[in-house]
Amino acid sequence: MKMFKKLLSAVALVAAFGGTAQASIINIGGVTWDPDAVSITDSDFTARYEFNQFFTTNANAVSNAPNAAPNYANAVNPLTVGLGNVLQGVGEIFKFNGVNYGDTSSAIGGAFCASCELTFVFGGFQIAGPGTFTNGWLRLYVDDTPDFNVSTSPAGNAADGNLFLQLSAVANEFSNATSFQSGFLTSYFAVTGGMAANNFDTNTQQFMADLLSSASSQFSNNNFIATSTGQISGNTIPEPSTVLLLSLALLGFAMTRRQTKNK
């Protein structure tokens, strides 16, 4: 009995230190980040991205399928879009929890993705009325052969990696009620798949979403394709720390020892 109490005391002590210990750096598919990082939004995950966006017809919209990419040739005039037209595009993450990727045209990777790149495809944001988008999705890919550049690469280069996160928009808010040529699109995303899904499925945002994205659009000079930047943020779930695993192992040993003595 005394030994059992000592083991329980040890578990409590280890767990107490585990609560204050820094969580381990997460590495998913070569993408690394600190789950203890805190941004000005009080989220421990914040990423900045650059992207190309354009409107198209519903018939030519990119499908929400693995490694599918939109076709720039299907872009339509943003001055004439209306009910049923779809917003879609491709992009790349260039900052992750304050860590700059480096050269986004690099062939060897960058800081938070040492030998890879983190790119994305989005689509399905359908115009449902003045200043209103419905639906929408986003797929993040980690690619071990960096080959995407927003300014010069084919759209398909943003979709040729392994699925890092699959997101579905549960709500959208657009800042311009009179024109789709410019404005800010805020989307609340739910995690629905990808190798990092368990680290981002937290339901901590409004509408029980997992991640919040805000991006601007500015179609000018009769351009059908606009390049812009945005930010996505939320909270992440750290991997079990070594300290926590040790405390669980001690607790298991204590219970086993007690059951053996009671036989």
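Each reported figure results from applying straightforward, stated rules to the coordinates on display, with no laboratory input. Predicted, not measured: the structure shown is a model, and the values here were computed from it. Here the Cβ is made from the backbone with ideal geometry for all residues, glycine too, and neighbour counts use every protein chain on show.
Spacing of the modelled spin labels on Asn223 and Thr192, each 7 Å from Cα toward Cβ, amounts to 3.0 nm.
Summary of packing: across the peptides 218-227, 52-61, the per-residue average of other C-beta atoms within 10 Å ranks them, highest first, as 52-61, 218-227. Annotation: amide H of Gln218 has no partner in the under-5 Å range at sequence separation 5 or more or interchain, hydrogens built in the peptide plane. Couplings 3J(HN,Hα) for the range 89-100, derived from phi with the Karplus relation 6.51 cos²θ - 1.76 cosθ + 1.60 (θ = phi - 60°), are x, 9, x, 8, 6, 10, 8, 10, 6, x, 8, 6 Hz, where x marks Gly and Pro. Translational diffusion coefficient of the range 28-247 (Stokes-Einstein, Kirkwood radius from Cα pairs, 25 °C, 0.890 mPa s): 139 µm²/s. Taking the Cβ-Cβ separation of Thr204 and Gln231 as r and a Förster radius of 25 Å, what is the calculated FRET efficiency to the nearest 0.05? Using R0 = 25 Å, I get an efficiency of 0.95. Length available on full extension from Ser151 to Tyr72: 0.36 nm per residue minus the Cα-Cα distance, which gives 27.2 nm. From most to least packed by mean Cβ count within 10 Å, the peptides 118-127, 184-193 give 118-127, 184-193.
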